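For reference, the structure is listed below as structure tokens.
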Amino acid sequence: MIRNILFDFDGTLYDTVEGIEKSAQYALQKLGISAQLEELKCFAGPPLVDIFMEKFGFSHEKAWEARGLFQERYIPIGVYESRPFPGMKDFLSALKDRGLTLAVATSKPLELAEQLLRSAGMRELFTVVHGSTLGGNNNSKQAVVESVIAALGAKKEDCVLIGDTKYDVAGAHAAGIAFIGVRYGYAAPLELETAGADAIAEDLAQLEKMLTAREVLV
């Protein structure tokens, strides 16, 4: 029985891509690099330093510089260019009413995730919210997932991570728990299948059915 539902944040609970794309574009422009917004959707979710290195071939030092420039725009402006996915609060409340324990495991800075959850009136629905720090590179998904499981005092077989990208799949499986992908997030076509998602939900209605079944991903 799955009793503990861990959620990724960007692309899973919240549609944050607008602010992230624009802030990545801002950072790149400051470094003399031109990029279209549609090229920068990949920045929603992964650790920033890692994705600057992977996407643009930056050195570790230059990626840290780009991360600082990203935050120059994101913290005062970009974080507010976001919103919960439609129906999310009701969906989470329905799971909570079924006796399931909800948590957030995100590579997003914890302070920003907490701020957005409070603004949407959703913070009280989660028993645990873990993320990274504003002053460091975003923690690996595996590390965050493991810290949430430990904070809950849960068994791994009773947990599942809900997410939207290959980074979430890898983090869940490295931490030893099951993974359900959501199709409405930011993954490229076939990304979740190729990464080895245990199941994929097309929308919140299908996800709720999966999570409230007597046995999930047995």
Contact list please: Cβ distance under 6 Å, first residue in region 143-157 and more than 13 Å from A170 (Cα to Cα), second residue assigned to a loop (DSSP other than H, G, I, E, B) and of a type outside the set (F, W, Y), pairs at least six apart or on different chains. K156/G176; K156/I177
Failed criterion for T194 (all others in (1) crowded, with 23+ Cβ neighbours inside 10 Å; (2) modelled with pLDDT of 95 or more; (3) polar (S, T, N, Q) hold): (1)
Number of the exception - E111 against (1) modelled with pLDDT of 95 or more; (2) not in a strand (DSSP E or B); (3) not β-branched (V, I, T): (1)
Can you tell me which of E21, E39 is at pLDDT 95 or above and among the acidic types (D, E)? E21
Could you give every pair whose Cβ atoms fall below 7 Å, whose first residue belongs to region 73-101 and is touching a residue at least 40 places away in the same chain (Cβ under 8 Å), and whose second residue is assigned to a loop (DSSP other than H, G, I, E, B) and of a type outside the set (A, V, I, L, M), counting only separations of at least 6 or pairs across chains? S82/T16; F85/Y184; L100/R3; T101/R3; T101/T127
Of the conditions (1) under 16 Å from the mean Cα position of the chain (by Cα); (2) without any contact (Cβ under 8 Å) to a residue 12 or more places away in the chain, the single one that D8 does not satisfy is (2)
Among the residues listed as S93, S23, the single one being in contact with a helix residue (DSSP H, G or I) (Cβ under 6 Å, 6 or more places away or on another chain) and part of a helix (DSSP H, G or I): S23
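The values are calculated or read from the model by the stated rules, or taken from the named source; none is laboratory data. Every value quoted in this text rests on a predicted model; they were computed, and no experiment measured them. Neighbour counts run over all protein chains shown; Cβ positions are idealised from the backbone, glycine included.
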